[in-house]
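For reference, the structure discussed in these notes is given below.
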Amino acid sequence: MSSNQLIIFDTTLRDGEQSPGAAMTKEEKIRVARQLERLGVDVIEAGFAAASPGDFDAISSIANIIKDSTICSLARANEKDIARAGEAIRHANRGRVHTFIATSPIHMQHKLRMSEDQVVEQAVKAIGWARQYTDDVEFSAEDAARSDMDFLVRIFDAVIQAGVKTINVPDTVGYMIPEVWGARFKDLLERVPNSDKVIWSTHCHNDLGMAVANSLAAVQNGARQVECTINGLGERAGNASLEEIVMATRVRKDLFDVTTNIRSEEIVPTSRLVSTITGYVVQPNKAIVGANAFAHESGIHQDGVLKHRETYEIMRAEDVGWKTNKLTLGKLSGRAAFRARLDEIGIAIESDEHLNELFRRFKDLADRKAEIFDEDLHALASGQDTLTAKYQLKELEVTSKTGQTPRAHLLLSVDGKEAAAAENGSGPVDAVFKAIEVIAKSKATLELYQVNAITSGTDSQGEVLVRLNKDGRIVTGQGADTDIVIASAKAYLSALNWLGTEAKTNPQKDEATAI
Ligand code: KIV
Ligand code: ZN
């Protein structure tokens with residue numbers, strides 16, 4: 001099955017969502033999935049269906065909507081998980097079940113409490129269960145990087161005989177370095193019987209900062225699927241970043257004999273969408289999608305670039321989607337234009353009531369901000385559904401004057417009933433958060449407070465991120481407004497609303513022994 005097509009498997013919606021506080025609503029996941037399809041991703045891992053009814057619902061909705069990309073659900077190697085995954089992808093044009101079991105001595109002994117024989121038997125059974133739902137079954141040997149090579153050869157041989165189509169070899173804990181990882185792929189492809197009958201996949205975590213380098217080493221040694229995420233989102237130090245892998249294979253095509261289906265000019269819009277929705281801000285010096293990735297500060301560089309672009313640039317900003325920040329709508333735009341633009345950028349309208357609410361928010365914003373960009377529209381649509389959220393902001397008045405203590409007067413709707421509070425604070429935001437806590441009494445700890453400008457200009461919307469920790473559960477709330485104090489209140493309320501939702505099962509950690 002050797003070919004020069006490199007399959008891009010995006011797991012932003014599954015492994016990416018396992019990052020603390022990166023949980024997305026169903027509507028947000030659909031928006032990301034639509035953008036991933038537009039980007040040209042081959043396989044979208046849309047979630048872990050057994051995590052919760054909400055996750056199942058999001059995956060099956062994505063499976064119904066997305067036509068061009070394969071839709072995949074993760075499942076532990078047990079019959080119940082696999083049935084949920086199989087059901088969730090049932091209506092996909094192309095659906096995949098991705099099942100996994102740990103293969104390293106440390107995981108088998110301490111997490112699974114299973115012998116090698118039991119693990120092989122369970123993996124083979126899992127492939128059989130998954131094949132009842134789809135022919136497109138992927139198997140992952142969790143913690144393959146720390147697994148014994150002879151055992152990997154044995155289990156991969158067994159799952160190939162059981163009918164698997166893709167074998168994924170994960171560096172679950174980000175332990176590898178490129179030379180060793182590349183050699184591991186070379187060995188596996190040589191030693192596993194019938195290795196040419198399956199696609200080999202690499203899945204690398206970034207704990208030592210080498211996820212992309214390791215993935216590329218795997219590609220140079222025969223991997224033809226890379227599992228990655230937008231902006232490198234993922235647990236701990238994250239996963240391999242899609243944009244870096246794609247652009248590395250493209251810019252250095254002299255070294256990589258592969259092609260991908262990625263439309264590179266969609267990279268930056270996708271990065272921005274994922275960052276806006278998850279609240280994980282992209283560092284300015286991040287390759288490809290960081291704000292400074294194509295900026296030249298030094299006079300010498302600027303001069304060189306102006307004279308001849310290639311002196312200091314190896315790719316063009318516009319090829320990865322920079323400068324596509326289109327002015328889309330303004331104060332005079334009507335409902336039809338508004339609706340059409342939402343449709344074009346993948347914001348789904350669920351009902352007339354939903355459209356009315358978004359249009360009302362748009363008009364309100366357009367009164368305060370002359371130019372409305374796609375990023376503004378995404379911010380408008382993000383967060384929980386404010387029509388049904390438990391905590392909603394009704395009114396806020398904040399006084400702040402040199403030499404005086406700031407004070408916030410707040411009116412909220414809590415489960416449809418009005419509640420008011422007034423508090424002093426060390427600053428206006430502190431006063432607002434204290435007033436909210438008087439009403440909500442969440443006792444959560446504020447772990448992060450961050451303000452970003454959504455677009456440029458002093459009339460830009462401020463986007464505020466609030467990360468709360470309540471008994472170890474971490475949630476992120478977002479709020480956007482041209483007034484950052486109001487945005488802060490919205491973000492805090494949004495985080496409280498997340499705390500009120502069901503916590504997700506982590507497929508790799510929670511109930512880990514219940515395979
Ligand atoms: O990192 C990992 O091992 C995973 C598997 C579930 C594929 O995410
Ligand atoms: Zn992973």
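The values are calculated or read from the model by the stated rules, or taken from the named source; none is laboratory data. Predicted model only: the values in this text are computed from it and were never measured. Note that we place each Cβ from the backbone using ideal geometry, even for glycine, and neighbour counts take in every protein chain shown. When the accessible area is computed, the model is the full protein with side chains, heavy atoms only, and any ligands, DNA or RNA have been set aside. Shrake-Rupley method; radii C 1.70, N 1.55, O 1.52, S 1.80 Å.
Give the stretch 172-194 a look and list any residue that's closer than 20 Å to I8 by Cα and of a type in the set (G, A, S), or say none.
G174, G182 - these are the residues of the stretch 172-194 that are closer than 20 Å to I8 by Cα and of a type in the set (G, A, S).
Return a yes/no flag: does the stretch 104-119 have any residue that is under 30 Å from R341 (Cβ atoms), out of contact with any Leu (no Cβ under 8 Å at 6 or more places or on another chain) and not charged (D, E, K, R). Before the answer, list the steps.
As a first pass, look at the stretch 104-119 and keep what is under 30 Å from R341 (Cβ atoms): none.
No, the stretch 104-119 contains no residue that is under 30 Å from R341 (Cβ atoms), out of contact with any Leu (no Cβ under 8 Å at 6 or more places or on another chain) and not charged (D, E, K, R).
If you go through the stretch 27-52, how many residues are part of a helix (DSSP H, G or I) and within 21 Å of R263 (Cα to Cα)?
From the stretch 27-52, those part of a helix (DSSP H, G or I) are 27-39, 49-51; that's our starting set.
Those left that are additionally within 21 Å of R263 (Cα to Cα): 29-39.
Residues meeting the conditions: 11.
Would you list the strands (runs of 3 or more DSSP E) that sit entirely within the stretch 413-492 and hold 3 or more residues that are among the hydrophobic types (A, V, I, L, M, F, W, C) and in contact (Cβ under 8 Å) with a residue 40 or more places away in the chain? Don't jump to the end; show me each part of the working.
Details: elements: 417-424, 445-453, 462-470, 473-481.
Filter on the stretch 413-492 gives 473-481.
Yes/no per residue for (1) at pLDDT below 95; (2) more than 16 Å from ligand 2 (Cβ to nearest atom); (3) out of contact with any Pro (no Cβ under 6 Å at 6 or more places or on another chain); (4) not basic (K, R):
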residue	(1), (2), (3), (4)
T229	no, no, yes, yes
A240	no, no, yes, yes
D254	no, yes, yes, yes
N261	no, yes, yes, yes
S264	no, yes, yes, yes
I267	no, yes, yes, yes
S275	yes, yes, yes, yes
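Is it the case that K186 is open to solvent by 10 Å² or more (accessible area, probe 1.4 Å), in contact (Cβ under 8 Å) with a residue 12 or more places away in the chain and away from ligand 1 (no atom under 14 Å from the Cβ)? Break it down stepwise before answering.
On the way: open to solvent by 10 Å² or more (accessible area, probe 1.4 Å): yes; in contact (Cβ under 8 Å) with a residue 12 or more places away in the chain: yes; away from ligand 1 (no atom under 14 Å from the Cβ): yes.
Yes: the conditions hold for K186.
Can you pull out every residue in the stretch 430-449 that is over 19 Å from L499 (Cα atoms) and open to solvent by 30 Å² or more (accessible area, probe 1.4 Å)?
Looking only at the stretch 430-449, we keep the residues that are over 19 Å from L499 (Cα atoms), and these are 430-431.
Within the stretch 430-449, just D430 meets the criteria.
Suppose we keep only residues that are touching a Ser or Thr at 6+ places or on another chain (Cβ under 9 Å), in a loop (DSSP other than H, G, I, E, B) and within 16 Å of ligand 1 (Cβ to nearest atom) within the stretch 199-238. Which one would you say is farthest from I474 (Cα to Cα)? Lay out the reasoning, then the answer.
Our first condition is that a residue be touching a Ser or Thr at 6+ places or on another chain (Cβ under 9 Å); within the stretch 199-238, this holds for 199-206, 211-212, 214-219, 222-236, 238.
Still in the running and in a loop (DSSP other than H, G, I, E, B): 206, 222-224, 233-236, 238.
After this cut, where a residue has to be within 16 Å of ligand 1 (Cβ to nearest atom) as well, the list is 206, 223, 233-236, 238.
Numbers: N206: 21, A223: 35, L233: 16, G234: 14, E235: 13, R236: 13, G238: 17 Å.
Of everything passing the filter in the stretch 199-238, A223 is farthest from I474 (Cα to Cα).
Failed condition for M24, given (1) within 22 Å of R263 (Cβ to Cβ); (2) in a loop (DSSP other than H, G, I, E, B), with all others met?
(1)
Restricting to the stretch 351-410, name every residue that is at pLDDT below 85 and at positive phi.
Correct list: G383 only.
Only one residue in A58, A51, A46 is buried (at least 24 other Cβ atoms within 10 Å of the Cβ), farther than 20 Å from G232 by Cα, within 16 Å of ligand 2 (Cβ to nearest atom) and among the hydrophobic types (A, V, I, L, M, F, W, C), so which one is that?
Details: A58 fails: within 16 Å of ligand 2 (Cβ to nearest atom); A46 fails: farther than 20 Å from G232 by Cα.
None of the other options fit; the residue is A51.
Within the stretch 144-178, count every residue that is within 16 Å of ligand 2 (Cβ to nearest atom) and on the phi < 0 side of the Ramachandran plot.
To start, the set of residues in the stretch 144-178 that are within 16 Å of ligand 2 (Cβ to nearest atom) comprises 144-147, 166-176.
From what is left, the residues that are on the phi < 0 side of the Ramachandran plot are 144-147, 166-173, 175-176.
Selection size over the stretch 144-178: 14.
Tell me which residues, restricted to the stretch 108-143, are more than 16 Å from ligand 2 (Cβ to nearest atom), over 20 Å from R90 (Cβ atoms) and open to solvent by less than 50 Å² (accessible area, probe 1.4 Å).
Our first condition is that a residue be more than 16 Å from ligand 2 (Cβ to nearest atom); within the stretch 108-143, this holds for 108-110, 112-137.
Adding the requirement that they be over 20 Å from R90 (Cβ atoms) leaves 108-110, 112-125.
Selection gives M108, L112, M114, V119, V120, Q122, A123.
Name the residue that is farthest from ligand 1 (Cβ to nearest atom), counting only residues in the stretch 1-21 that are under 19 Å from T278 (Cα atoms) and in a loop (DSSP other than H, G, I, E, B).
Just the residues of the stretch 1-21 that are under 19 Å from T278 (Cα atoms), to begin with: 10-21.
Now restrict to residues that are in a loop (DSSP other than H, G, I, E, B): 11-15, 19-21.
Working: T11: 7, T12: 12, L13: 13, R14: 8, D15: 5, S19: 12, P20: 16, G21: 18 Å.
The residue in question is G21.
For the stretch 414-427, how many residues are open to solvent by less than 40 Å² (accessible area, probe 1.4 Å) and touching a helix residue (DSSP H, G or I) at 6+ places or on another chain (Cβ under 8 Å)? Working first, answer last.
Within the stretch 414-427, the subset open to solvent by less than 40 Å² (accessible area, probe 1.4 Å) is 414, 419, 421-422, 425, 427.
This time we only want the ones that are touching a helix residue (DSSP H, G or I) at 6+ places or on another chain (Cβ under 8 Å), so: 414, 419, 421-422, 425.
Residues meeting the conditions: 5.
Right, N194: touching a residue at least 12 places away in the same chain (Cβ under 8 Å) and in contact with a Gly (Cβ under 8 Å, 6 or more places away or on another chain) or not?
Against the criterion (touching a residue at least 12 places away in the same chain (Cβ under 8 Å) and in contact with a Gly (Cβ under 8 Å, 6 or more places away or on another chain)), N194 does not qualify.
Which residue out of V429, V485, V414, V464 is under 20 Å from the mean Cα position of the chain (by Cα) and away from ligand 1 (no atom under 16 Å from the Cβ)?
V464
Just to be sure before I move on: is A487 crowded, with 20+ Cβ neighbours inside 10 Å and modelled with pLDDT of 90 or more in the structure I sent?
Working: crowded, with 20+ Cβ neighbours inside 10 Å: yes; modelled with pLDDT of 90 or more: yes.
The answer is yes for A487.
Tell me which residues, restricted to the stretch 239-255, are open to solvent by 20 Å² or more (accessible area, probe 1.4 Å) and part of a loop (DSSP other than H, G, I, E, B).
The initial filter retains those residues of the stretch 239-255 that are open to solvent by 20 Å² or more (accessible area, probe 1.4 Å), namely 244, 248, 250-255.
If the condition is that a residue be open to solvent by 20 Å² or more (accessible area, probe 1.4 Å) and part of a loop (DSSP other than H, G, I, E, B), then R252, K253, D254, L255 are the ones that fit.
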